[in-house]
Amino acid sequence: METYYNPEDLKKFGTIGEFQKELADRFFSYYGAVFADGALTAREKSLIALAVAHTVQCPYCIDAYTTDTLEKGCTEAEMMEAVHVAAAIRGGSSLVHGVQMMNKVKELSM
């Protein structure tokens, strides 16, 4: 089955600078600094990235950070819990916007 998402393309991410090297170099420098140990460990950052990958629904990121979290010693339970945190935030975000709808209904009903 063909899809827009080709898992082999993830391996090509490093070539993204082919059409604009200067900006790609800046991005990869920033990216590397973000994921280095700091106030958070690289392991913690990887779990956050896995959760965010699910929230933005990036299949490449999901593949990359599933691999990365496993390599950093995360358990399946930790990974799934991170995904559930992302799902709860995404669901809550949708629900809290219901207040906007409720406000509009009340405004129009007056």
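Readers should treat all values here as calculations from the given coordinates under stated rules, not as data from a laboratory. Everything quoted here is computed from the prediction, not taken from an experiment. Please note: Cβ atoms are built from the backbone with ideal geometry, for glycine as well, and neighbour counts cover all protein chains shown.
Going by the structure shown, is Tyr65 surrounded by fewer than 17 Cβ atoms within 10 Å (Cβ to Cβ) and either among the aromatic types (Phe, Trp, Tyr) or touching a strand residue (DSSP E or B) at 6+ places or on another chain (Cβ under 9 Å) (or both)? No: the conditions fail for Tyr65. Counting just the residues of segment 40-70 that are of a type in the set (Asp, Glu) and touching a helix residue (DSSP H, G or I) at 6+ places or on another chain (Cβ under 9 Å), which one comes out farthest from Ser93 (Cα to Cα)? Here the answer is Asp68. Residues in segment 35-56 that are exposed (fewer than 12 other Cβ atoms within 10 Å of the Cβ) and hydrophobic (A, V, I, L, M, F, W, C): Ala36, Ala39, Val56. Every condition in (1) among the polar types (S, T, N, Q); (2) under 13 Å from Ile48 (Cβ atoms); (3) without any contact (Cβ under 8 Å) to a residue 24 or more places away in the chain holds for Thr69 except the one numbered (3). For segment 36-55, state whether one or more residues are within 17 Å of Phe13 (Cβ to Cβ) and not in a helix (DSSP H, G or I). No, because not a single residue in segment 36-55 is within 17 Å of Phe13 (Cβ to Cβ) and not in a helix (DSSP H, G or I).
Scanning segment 72-103 for residues that are free of Cβ contacts under 8 Å to residues at least 12 places away in the same chain, outside any helix (DSSP H, G or I) and either among the basic types (Lys, Arg) or over 19 Å from Thr41 (Cβ atoms) (or both) yields a count of 1.
Tell me yes or no: at least one residue of segment 99-110 is more than 24 Å from Ala36 (Cα to Cα) and touching a Ser or Thr at 6+ places or on another chain (Cβ under 7 Å).
From segment 99-110, those more than 24 Å from Ala36 (Cα to Cα) are 99-110; that's our starting set.
In the following step, the residues that additionally are touching a Ser or Thr at 6+ places or on another chain (Cβ under 7 Å) were identified as none.
No, every residue in segment 99-110 fails to be more than 24 Å from Ala36 (Cα to Cα) and touching a Ser or Thr at 6+ places or on another chain (Cβ under 7 Å).
Residues of segment 90-110 that are among the aliphatic types (A, V, I, L, M) and over 26 Å from the mean Cα position of the chain (by Cα): Val99, Met101, Met102, Val105, Leu108, Met110.
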